[in-house]
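K.L.:
Sending over a structure as structure tokens; questions will come in a sec.
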Amino acid sequence: MKKLGKKTRSNLITYLIVIVAFLVCQLAQSGLIDGFKMSRSLRGQLIPICVYIVMAVSLNLTVGISGELSLGHAGFMSVGAFSGIVMATWLSEGMGVQSELACLLAAIVFGGFVAGLAGVLIGIPVLRLRGDYLAIVTLAFGEIIRNVLNCLYISIDGRAVRIAFNNPNVPGRMLVNGPAGATGVTKISTFVVGFVLVLFTLFVVLNLIDSRSGRAIMAIRDSRIAAESVGLNITKYKMMAFVTSAVLAGMAGALFGLNYSTVTASKFKFDTSILVLVFVVLGGIGNIRGSVISATLLTILPELLRAFSTYRMLIYAIVLILVMLATNNPKLRSGVDMLTARLRRSKAQAPAKEGDKA
């Protein structure tokens, strides 16, 4: 049997980490692990962890693989959240669909579709910009989306969905009530679906990176002029990465929105985009596995520090600073590289020694 390539092994390790973490969480929830039973607050963080993993991996596709700094990722998440809530409610109340799983899956797909449309509309003018200008414009679009949602009123009237802008007098059961957000939402999100969404996101992103299109995207990131000289369509490949990232963020938003009974646009402020960017930077720009690990740890950390009461966010900030300094320390990185090289050499020498003994 031929040996697996380095990238394939790395991808399999990433999948394995996610699957093992899921199994451990399932066993901990059921109390089958001796001496450890997951607390209620930690169980409540399982779905947000899945959401933020998808957000971090999808943003890493734009920031790390495509090389474009986007600060409006929370805007796509909010589009997916509200459109997913509307779809799930319309299916259950308007169309009489009894299966919560079917409603949830349809909401996630629809949320990703609408967020993808928003990504296309935003990407057409925005992706002509570069660097700081792109970051500022994506930040502005994220704030525009949030303010539009604050003026949006959506109701379910039988099988009809009624939408009004800046007009609260909409007939039917009000679902999205302007600044009050979506109220009376049926909480149908599950950790299992979140786990499947994480695997789907990893499958899409990792396969895109290893594909011909992914290599073209990274070539454009490394040298735009060289990529243009060999005939690569710059706009096409940048749009591909940007829209794929928006679709995945919208799907994560739908899962997030259906995990709470009330969802407001204020939950998707500029702070949320910066938080996801912190996950990406801390895990390593372009490092998909690092995004998974950092999003998990930094989502759990505030809950673990809850015992420190008013000082927990101060400790959280200090931990962030220390980890950032450690990961950007050249001496530490060289030490880790040396240790990894030694382990590889020892593994390579082991079969040779066994052959000599034989």
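One line per residue, one yes/no per condition, for (1) modelled with pLDDT under 75; (2) farther than 30 Å from ILE209 by Cα; (3) touching a Cys at 6+ places or on another chain (Cβ under 8 Å):
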site: ALA295; (1), (2), (3): no, no, no
site: LEU304; (1), (2), (3): no, yes, no
site: ILE315; (1), (2), (3): no, yes, no
site: THR327; (1), (2), (3): yes, no, no
site: ARG342; (1), (2), (3): no, no, no
site: LYS347; (1), (2), (3): yes, no, no
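K.L.:
Right, something else. Return the residues of the stretch 147-178 that are assigned to a helix (DSSP H, G or I) and either more than 25 Å from the chain's Cα centre (by Cα) or under 25 Å from LEU91 (Cα atoms) (or both); say none if nothing qualifies.
P.N.:
If the condition is that a residue be assigned to a helix (DSSP H, G or I) and either more than 25 Å from the chain's Cα centre (by Cα) or under 25 Å from LEU91 (Cα atoms) (or both), then VAL148, LEU149, ASN150, GLY178 are the ones that fit.
K.L.:
Is there any pair with a first residue in the stretch 226-238 that is within 18 Å of LEU69 (Cβ to Cβ) and in contact (Cβ under 8 Å) with a residue 60 or more places away in the chain and a second that is in a loop (DSSP other than H, G, I, E, B) and open to solvent by 60 Å² or more (accessible area, probe 1.4 Å) whose Cβ atoms are under 8 Å apart and which are 6 or more apart or on different chains, and what are they?
P.N.:
From residues that are within 18 Å of LEU69 (Cβ to Cβ) and in contact (Cβ under 8 Å) with a residue 60 or more places away in the chain, the pairs are THR235/ARG128.
K.L.:
Hey, can you tell me all the residues within the stretch 233-266 that are touching a Leu at 6+ places or on another chain (Cβ under 7 Å) and of a type in the set (Lys, Arg)?
P.N.:
The answer is LYS238, and nothing else.
K.L.:
Checking the conditions here, which among SER39, SER66 is out of contact with any Ser or Thr (no Cβ under 7 Å at 6 or more places or on another chain), buried (at least 24 other Cβ atoms within 10 Å of the Cβ) and at pLDDT below 90?
P.N.:
The unique qualifying residue is SER66.
K.L.:
Starting from residues that are hydroxyl-bearing (Ser, Thr, Tyr) and touching a residue at least 40 places away in the same chain (Cβ under 8 Å), keep the ones in the stretch 268-316 and report whichever is farthest from ILE65 (Cα to Cα).
P.N.:
In this case the residue turns out to be THR299.
K.L.:
Give the stretch 181-199 a look and list any residue that's among the hydrophobic types (A, V, I, L, M, F, W, C) and open to solvent by 50 Å² or more (accessible area, probe 1.4 Å), or say none.
P.N.:
Selection gives VAL192, VAL196.
K.L.:
Got at least one residue in the stretch 295-311 being surrounded by fewer than 20 Cβ atoms within 10 Å (Cβ to Cβ) and of a type in the set (S, T, N, Q)?
P.N.:
From the stretch 295-311, those surrounded by fewer than 20 Cβ atoms within 10 Å (Cβ to Cβ) are 297, 300-311; that's our starting set.
Adding the requirement that they be of a type in the set (S, T, N, Q) leaves 309-310.
Yes, the conditions are met somewhere in the stretch 295-311.
K.L.:
Among the listed residues THR89, THR62, identify the single one that is polar (S, T, N, Q) and either under 14 Å from VAL276 (Cβ atoms) or without any contact (Cβ under 8 Å) to a residue 40 or more places away in the chain (or both).
P.N.:
THR62
K.L.:
Related question: Under the condition of being among the β-branched types (Val, Ile, Thr) and within 20 Å of PHE110 (Cβ to Cβ), which residue from the stretch 200-219 is most open to solvent (accessible area, probe 1.4 Å)?
P.N.:
Within the stretch 200-219, the match that is most open to solvent (accessible area, probe 1.4 Å) is VAL204.
K.L.:
Same structure again: Evaluate the stretch 204-212: report whether one residue or more is over 22 Å from LEU149 (Cα atoms) and out of contact with any helix residue (DSSP H, G or I) (no Cβ under 9 Å at 6 or more places or on another chain). First the steps, then the outcome.
P.N.:
The initial filter retains those residues of the stretch 204-212 that are over 22 Å from LEU149 (Cα atoms), namely 204-212.
Retained after the next criterion (residues that are out of contact with any helix residue (DSSP H, G or I) (no Cβ under 9 Å at 6 or more places or on another chain)): 211-212.
Yes, because at least one residue in the stretch 204-212 is over 22 Å from LEU149 (Cα atoms) and out of contact with any helix residue (DSSP H, G or I) (no Cβ under 9 Å at 6 or more places or on another chain).
K.L.:
Same structure again: One residue is enough: does the stretch 233-242 have a residue meeting the conditions buried (at least 19 other Cβ atoms within 10 Å of the Cβ) and over 30 Å from LYS7 (Cα atoms)?
P.N.:
Step one: of the stretch 233-242, the residues buried (at least 19 other Cβ atoms within 10 Å of the Cβ) are 237-238, 240-242.
Narrowing the set further to residues that are over 30 Å from LYS7 (Cα atoms) leaves none.
Checking the stretch 233-242: not a single residue is buried (at least 19 other Cβ atoms within 10 Å of the Cβ) and over 30 Å from LYS7 (Cα atoms).
K.L.:
Right, here's the next one. Considering only the stretch 136-146, how many residues are β-branched (Val, Ile, Thr) and either crowded, with 19+ Cβ neighbours inside 10 Å or in contact with a strand residue (DSSP E or B) (Cβ under 9 Å, 6 or more places away or on another chain) (or both)?
P.N.:
At the first step, the residues of the stretch 136-146 found to be β-branched (Val, Ile, Thr) are 136-138, 144-145.
Those left that are additionally either crowded, with 19+ Cβ neighbours inside 10 Å or in contact with a strand residue (DSSP E or B) (Cβ under 9 Å, 6 or more places away or on another chain) (or both): 137-138, 145.
Final tally of qualifying residues: 3.
K.L.:
While we're here: Taking only the stretch 123-135 into account, find how many residues are surrounded by fewer than 14 Cβ atoms within 10 Å (Cβ to Cβ) and either in contact with a Lys or Arg (Cβ under 9 Å, 6 or more places away or on another chain) or part of a helix (DSSP H, G or I) (or both).
P.N.:
Total satisfying the criteria: 6.
K.L.:
Please go through the stretch 69-87 and give me each residue that is open to solvent by less than 10 Å² (accessible area, probe 1.4 Å), farther than 27 Å from ARG224 by Cβ and of a type in the set (Ser, Thr, Tyr), ordered by number.
P.N.:
Across the stretch 69-87, the qualifying residue is only SER78.
K.L.:
Follow-up. If you go through the stretch 166-180, how many residues are in contact with a Ser or Thr (Cβ under 8 Å, 6 or more places away or on another chain) and either modelled with pLDDT of 90 or more or surrounded by fewer than 22 Cβ atoms within 10 Å (Cβ to Cβ) (or both)?
P.N.:
Selection size over the stretch 166-180: 8.
The values are calculated or read from the model by the stated rules, or taken from the named source; none is laboratory data. Predicted model only: the values in this text are computed from it and were never measured. Cβ sites come from the backbone with ideal geometry, for glycine too, and all protein chains shown count toward neighbours. Remember, those area values only see protein heavy atoms, side chains included, never the ligands or the DNA or RNA. Shrake-Rupley method; radii C 1.70, N 1.55, O 1.52, S 1.80 Å.
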